[in-house]
Amino acid sequence: MHYLKLVFKNIFRHKLRSLLTLAGLVVAILAFGLLQTVVNAWYAGSDMASAQRLISRNATSLVFPLPVYYRERIRTVEGVTAVSTSNWFGGIYKDMTPANFFAQFAVDHENFFDLYPEFRTNPEEILAFKKDRRGAMVGRSLVDSHGWKVGDVIPVQGTIYPGTWEFVVRGIYEPKDESTITRQLYFHWDYLNEQIKKFYPRRSEQVGVFVVQIADGSRAAEVSQAIDKEFRNSLAETLTETEKAFQLSFIAQTETIVMAVRVVSFLVIVIIFAVVANTMAMTARERLAEYATLKALGFGPGFVGALIVGESLMITLLGGALGIAATFPVAAGFKAAMGSFFPVFRVSAETVALQAACAAVVGLLAGLAPSIRAARVRIVDGLRYIG
Amino acid sequence: MSAAAGAGKPPIVRIAHLAKGYRRGGQDVPVLFDISLEIPEGDFIALMGPSGSGKSTLLNLIAGIDKPDAGELLVGGEDITKLPESELADWRASHVGFIFQFYNLLPVLDAFENVELPLLLTSLSRRERRARAEMALALVGLSDRMEHYPNELSGGQQQRVAIARAVVADPTIIVADEPTGDLDRKSAGEILGLLRRLNEEMGKTIIMVTHDWHAVESARHVVHLEKGELVDAPAGHP
C-alpha cells in the first residue's frame, strides 16, 4: 500500500516531464494500434476464407479466364460437393473516389450464396434475385453507406466490359459476424455472358474462377491436385488452392508494404522505449540520495529497485491505457476517411492485447537499468549525491 | 582509547583495530588507521576533526552503512562487520537512527509519513505505527505540522522531523552527521537542545559528527580524529 502510494506520488514530482512522457506514450501506443489495425485490415479477406472452399483459376494468371464448361468436370472430382462461378467485373459507380469504390462480381446465381453461409440472406430476396436477370445481391455495409434499398437501380460503368450496366437491388445480405465483409455487389453471370455474346462473342462462356465446395477441409490439398490433374495439358490449365491461399496471394503482391507498416509499428515502440528509458534514467539519477536514505533506514535494494520499475510501469500502463482508449475513435475516423478501401477495419482484441503488452514491456525494460543502478549504489556514495 | 565517562556502563559500541581505505583514481587511499574505541551506553559523543580526518567514515562504519577493511566493530554486542548485506539492512532498521546534515526527508511524503517510514519495516500494526509517529512528532514539537510536506517546513523544522524519524523505531544508537551544519544559530540551538534531551531524559546513545564547537558543548565527550587516527583533544577544548 505504502509502496504504491510512494510510486504514485513520485510519478507527478516533475509534472511537465511526466506529462510529456505520457503524451509520447499515448501517441506511440495509438500509432502502434492503428498500424496493427491497418495490417489486420489487409488480411481481413483471408480471415473470412473457409477451409471447405477451394478456388480454381487459370494456372497462367488470374487475368486469363477459364471455360465455363469446366464446372461440370470439376463437379465430378471426388470430394467436391458443389461448384459455383465468380467473375471480377471491375465497374465504376459514379466516380473513382475511394468512397464510391466497391467490388462487383458476376456469379452463378443459382448456388453462389449456398457456398457462402457467412452471408445471411432472406429466402424471399434470394428467390427474387434468382428470378431477375438484372438482379443483384448487395452487402449490408455497402447498402448502408450509399443509402440504397431493395428495388433501387444501380448504374455501373464497365471498364473490362464496356458500357453502362444497370443492376436492380433484389436483396441485402447480412454479415455472420464482424469478420464478414459486406461491401460487394453480386449479379448474374448469365446477364454478363449474354451481353458479352452480343458484343464480344470470343470472350463469352468464360469465368474468372470456380468456387469449389469440398466435403472435408482436411483433404483440400488432395482435391486441389485432383482438379488440376483433370485439366493438365489442356489449353487452360487450372491452379487450385484453398480460398485462404488464394486471398493471401493477393496480399503477397503488397507484402513489402504490409511488412513496412508492421516494422514501422514496432519502431514506434522502440522509440518510445528510448524516451521512457531516458526519463527513468534521469529520474533515478536525481533521486539517488533518496534511495540511499531509504537503504540506510533499512529498506532493501529490492524495494528501491521496485520503486523505479513500479514508477516506470505505472507511467507506461497509464499512457498505454489512454493510447488504447484513443485508438477506437481514431480508428473509426480513419475508416470513415478511407471509405471502402478497408471493408473491415476494426481494432481487434489481439491488437489491444498487443498494445497493453508493449506498454508493459516498455515500462519494465525502461525501469530495469536505472533500478539496478539504484539498487547497487553504495549508501555512502548515494548520500553524497546531489541530484 | 575509551570515550567512556559513564563508568560502570557496558560499552554499546566496541571498536578494535579498525581500518578503512578507499580506492580513488586507481590508488588506495587509507582513511582510518587502527582505530580502537569504546562508547558506553547512554553516552553522547562528538566526533571532531578537520575535513578528511575520517570522522564521517568512522560514523558510517558504526552505523553499518559502510564496511571496514580490517578490525572489529561490535554494536550492542553484535559484530556488524560479519553481517551480510541483507541482515545488515535489517540490523540498521532496528538499531540505528539516522540524522543527516541535509535532513534527507522524502519530499513526496508529509512529516507524518516521513516519520512513519522506518516503522514500515517493523511488524507494528497501522494503529501502533500512527501512535508512535505522532508521539515522535510531539516529542520534537511538531504535532501541528504532521501533514506538512518538507518544502512547507523551515530547515530547523525539517531537521526536527528527521530527529523524530531517527527515534521513532527506538534504535540502540543515534548517529548524526553534521546535524546543525545547514542551520542558523537559533535553529541549531533548538536541534542540539533536542539531542541533549534525547540523551539525558531518554538515555539515547548519540554519536555526532560536527565541526561546530557550540555543538560540541552539548556532547558529554569528544573524540578527535586527525589523518585517520584518534588523537588527544587540542588544548583548551573538551
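Every number here is computed from the coordinates shown, using simple stated rules; none is lab data. Everything numeric in this text was worked out from a predicted model, so none of it was measured. Counting neighbours? That spans all protein chains shown, and the Cβs are built from the backbone with ideal geometry, glycine included.
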Expected integer from the mean partner chain Cβ neighbour count at 10 Å over B:112-121 is 3
Non-local amide H neighbours of B:Asp43 (under 5 Å, H modeled in plane, Pro and chain starts lacking H): which ones? B:Ile206
Rh (Kirkwood; distinct C-alpha pairs) - chain A, Å: 24.8
In which sequence would A:Trp165, A:Trp148 go, from the one with the fewest C-beta neighbours within 10 Å to the one with the most? A:Trp148, A:Trp165
Past 29 Å, Cα to Cα, is the threshold; run B:Lys67/B:Lys227; A:Lys94/A:Lys131; A:Lys295/B:Lys186; A:Lys9/A:Lys295 against it and keep the listed order. A:Lys295/B:Lys186
Cα-projected label distance for B:Asp90 with B:Arg127, points at 7 Å along beta-carbon direction, nm: 2.8
For the Cα atoms of chain A, what angle does the longest principal axis make with the long axis of helix A:288-297, in degrees from 0 to 90, nearest 10? 60
Using modelled backbone amide H atoms (1.01 Å from N, in-plane), which distant-in-sequence or interchain residues come within less than 5 Å of B:Val223's amide H? B:Ala46, B:Leu47, B:Met48
Pull up all non-local amide H partners of A:Phe231: gap of 5 or more, or a different chain, and H-to-H distance under 5 Å with H placed in the peptide plane. A:Thr238
Work out, step by step, the length gained on full extension between A:Glu174 and A:Ser234: first 0.36 nm times the residue separation, then minus their alpha carbon distance; give nm to one decimal. 17.6 nm
Projected area averaged over orientations for chain B, convex hull of C-alpha atoms, nm²: 13.6
With a point put 7 Å past each Cα toward its Cβ, work out how far A:Ala221 is from A:Met259 in nm, to one decimal. 2.5
Please list, in order along region A:373-381, the HN-Hα scalar couplings obtained from phi with the Karplus expression 6.51 cos²θ - 1.76 cosθ + 1.60 (θ = phi - 60°), rounded to whole Hz, x for Gly and Pro. 4, 5, 5, 8, 4, 5, 4, 5, 6
Through the Karplus equation 6.51 cos²θ - 1.76 cosθ + 1.60, θ set to phi - 60°, convert the phi angles of region A:252-263 into ³J(HN,Hα) values in whole Hz; use x for Gly and Pro. 4, 5, 10, 3, 5, 5, 4, 5, 4, 4, 5, 5
Rounded to 10°, Cα long-axis angle of helix B:85-95 versus longest principal axis of chain B: 60
Rounded to the nearest 500 deg cm²/dmol, what is the calculated helix-only ellipticity per residue at 222 nm for chain B, with -39500 (n - 2.57) per DSSP H run of length n ≥ 4? -9500 deg cm²/dmol
List the lysines whose alpha-carbon lies under 27 Å from that of A:Lys244, not counting same-chain residues fewer than 8 positions away? A:Lys176, A:Lys229, A:Lys335
Taking θ = phi - 60°, what integer Hz values does the Karplus form 6.51 cos²θ - 1.76 cosθ + 1.60 yield along region A:310-327, in sequence order, with x for Gly and Pro? x, 5, 4, 5, 5, 5, 6, 5, 5, x, x, 4, 5, x, 5, 4, 6, 4
Give me Rg/Rg_expected for region A:300-380, where Rg uses Cα atoms only and Rg_expected = 2.2 N^0.38 Å with N residues. 1.58
